[in-house]
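> Handing you a structure now.
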Amino acid sequence: MSCKIYLMEKFQSYVAISAAVLTPLLALVTITSHILNYRLARRKRNDDLFNRRYEFLLQFEKLWRSTGSEKNGATRMMLEWDDLAPYIDEAQYLFGNDCKAFKNL
């Protein structure tokens, strides 16, 4: 009977030691996982922003190429302010302070 009690106490001490070692290890794994997740989310946000900016560039280029001479395939002679206003607002949203100077022209 004393052997059984000894083994039970030994097992409880192993459980306590393993819990003391595994708790910080689990915390480190969790922190590492969160750091990697943050980096991935930041890269994805930058990629999404690039894609939105590129799509904006393609739309504006299509509008810009639609102006000029009709013999070159243009649909309008020139752009009016009303044509550019939505693009300027979207550019200010996408590009930030870099476009504020162009809005006041």
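No lab work stands behind these numbers, since they all come straight from the coordinates. This is a predicted model, so every value here is computed, not measured. Every residue, glycine among them, receives a Cβ derived from its backbone with ideal geometry; neighbour counts consider all protein chains shown.
> If you take Rg/Rh (Cα atoms, Kirkwood Rh) from the coordinates, which of [x] 1.03; [y] 1.59; [z] 1.23 do you get?
[y]
> Are there GluC sites (Glu not before Pro) in segment 7-86 that DSSP puts in a loop and that have at most 16 other Cβ atoms within 10 Å, and which ones?
When the GluC sites (Glu not before Pro) of segment 7-86 are filtered for loop state and at most 16 Cβ neighbours within 10 Å, E80 remain.
> Treating the angle as unsigned and between 0 and 90°, give the value, to the nearest 10°, between the Cα long axis of helix 2-65 and the longest Cα principal axis of the chain.
0
> For n ≥ 4 DSSP H runs only, could you compute -39500 (n - 2.57) per run for the chain, divide by its residues and tell me the 222 nm figure to the nearest 500?
Mean residue ellipticity, 222 nm, calculated: -28500 deg cm²/dmol.
> While we're looking at this one, here's another question. Expressed in nm to one decimal, what extension gain is obtained for the pair S69 and H34 from 0.36 nm per residue of sequence separation less their Cα-Cα distance?
Answer, rounded to one decimal: 7.0 nm.
> Let me ask another. Which residue fluctuates most in the GNM of the chain (Cα springs below 10 Å): L25, L84, L36?
Of L25, L84, L36, the Gaussian network model singles out L25 as fluctuating most.
> Could you tell me how many degrees, from 0 to 90 and to the nearest 10, lie between the Cα long axis of helix 81-95 and the main elongation axis, the longest principal axis, of the Cα atoms of the chain?
For 81-95 against the chain, the angle is about 20 degrees.
> Which residue, F56, F11, F95, has the most motion in a Gaussian network model of the chain that connects Cα atoms within less than 10 Å?
Judging by the Gaussian network model, the answer is F11.
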